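Taking it in order: structure first as structure tokens, then the write-up.
The values are calculated or read from the model by the stated rules, or taken from the named source; none is laboratory data. A quick note: this is a predicted structure, and the numbers were derived from the prediction, not measured. Every residue, glycine among them, receives a Cβ derived from its backbone with ideal geometry; neighbour counts consider all protein chains shown. Side chains are part of the model used for accessible areas, which takes the heavy atoms of the whole protein and leaves out ligands, DNA and RNA. Shrake-Rupley method; radii C 1.70, N 1.55, O 1.52, S 1.80 Å.
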Amino acid sequence: MDETQLRDLIHRIIQEEMDPNRIPIGVSNHHIHLTEEDYHILFPHQEMEIFKPLKQPKEFASKQVADIVGPNGRIEHVRILGPCRKHSQVEIARSEAIRIGVDAPIRLSGHLDGAPSVKLVTPDGEVTVQGVIIAKRHIHMSNDDAKRFGVKLGDTVSVEIDSENRKTIYNDVICRPREDFILEMHIDTDEANAANVGRNTVGHLIKPQH
């Protein structure tokens, strides 16, 4: 990198950091949340091991994986996220739901009423989980971020994804402020591919929706 390129890079970083509406984009791959009971059926006598920490506090991807089995097929080696929750839940993309024959609704995490069931299978066990969803796009943010954006829990906003050659505006983005959350918008792999999202892609909040 020559001096001109370095100067341009520094200028771009400063501009991005000063932009009050800038939001990092996180791509959420398919994953599974488990209760303690379901975890120990699938992984008897195993402690959940951390594969890598996630951006939000205390959340991590574990080394444990399971297959998701639907009426028409399976998705293999899907990672379990920790820590355990009060209700088991499976999050997949629309294209994956179609492939395995599941009519999964678009929902926020934890909103599982009426969601379909799938089997989760490991070499050591099998459980049926009622709670397969396609995650509704949302923004994790701190309470200070929420004040800066002028939004509150449950508000719906629009976000422009600033990606190369495929700038995209996503509506119906739900705000999820919490004191300890780190600012990040979550979209699934289908949405990320459609918008040409890369590792350093950012978005910009452009308007609240009423």
task: Out of the residues in segment 27-74 that are over 30 Å from V151 (Cβ atoms) and among the aromatic types (F, W, Y), state the one that is most open to solvent (accessible area, probe 1.4 Å).
output: F51
message: List the residue pairs whose Cβ atoms are under 9 Å apart, where the first residue sits in segment 78-89 and is open to solvent by less than 10 Å² (accessible area, probe 1.4 Å), the second is among the hydroxyl-bearing types (S, T, Y) and assigned to a strand (DSSP E or B), and the two are 6 or more positions apart or on different chains.
response: I80/S62; G82/S62
- request: With respect to R166, determine if the residue is out of contact with any strand residue (DSSP E or B) (no Cβ under 6 Å at 6 or more places or on another chain), of a type in the set (D, E, K, R), open to solvent by 70 Å² or more (accessible area, probe 1.4 Å) and farther than 13 Å from I23 by Cα.
  value: yes
- request: Confirm whether P24 is open to solvent by 20 Å² or more (accessible area, probe 1.4 Å), not in a strand (DSSP E or B) and not β-branched (V, I, T).
  value: no
query: Could we say that D144 is assigned to a helix (DSSP H, G or I) and open to solvent by 40 Å² or more (accessible area, probe 1.4 Å) here?
result: yes
query: On the given criteria, is K152 open to solvent by 30 Å² or more (accessible area, probe 1.4 Å) and out of contact with any Phe, Trp or Tyr (no Cβ under 8 Å at 6 or more places or on another chain)?
result: yes
Filter result for G131 (open to solvent by 20 Å² or more (accessible area, probe 1.4 Å) and on the phi > 0 side of the Ramachandran plot): no
query: Of all strands (runs of 3 or more DSSP E) completely enclosed by segment 45-122, which ones contain at least 1 residues that are within 19 Å of E191 (Cβ to Cβ)?
result: 73-82, 89-91
- line: The one condition T122 fails out of (1) out of contact with any Lys or Arg (no Cβ under 7 Å at 6 or more places or on another chain); (2) closer than 19 Å to D19 by Cα; (3) open to solvent by less than 20 Å² (accessible area, probe 1.4 Å) is (2)
task: Mind listing whichever residues of segment 31-54 are over 15 Å from H77 (Cα atoms), β-branched (V, I, T) and touching a residue at least 40 places away in the same chain (Cβ under 8 Å)?
output: T35, I41
query: In this structure, is E191 modelled with pLDDT of 95 or more and of a type in the set (D, E)?
result: yes
- prompt: How many of the residues making up segment 91-103 are farther than 14 Å from N72 by Cα and surrounded by 15 or more Cβ atoms within 10 Å (Cβ to Cβ)?
  reply: 3
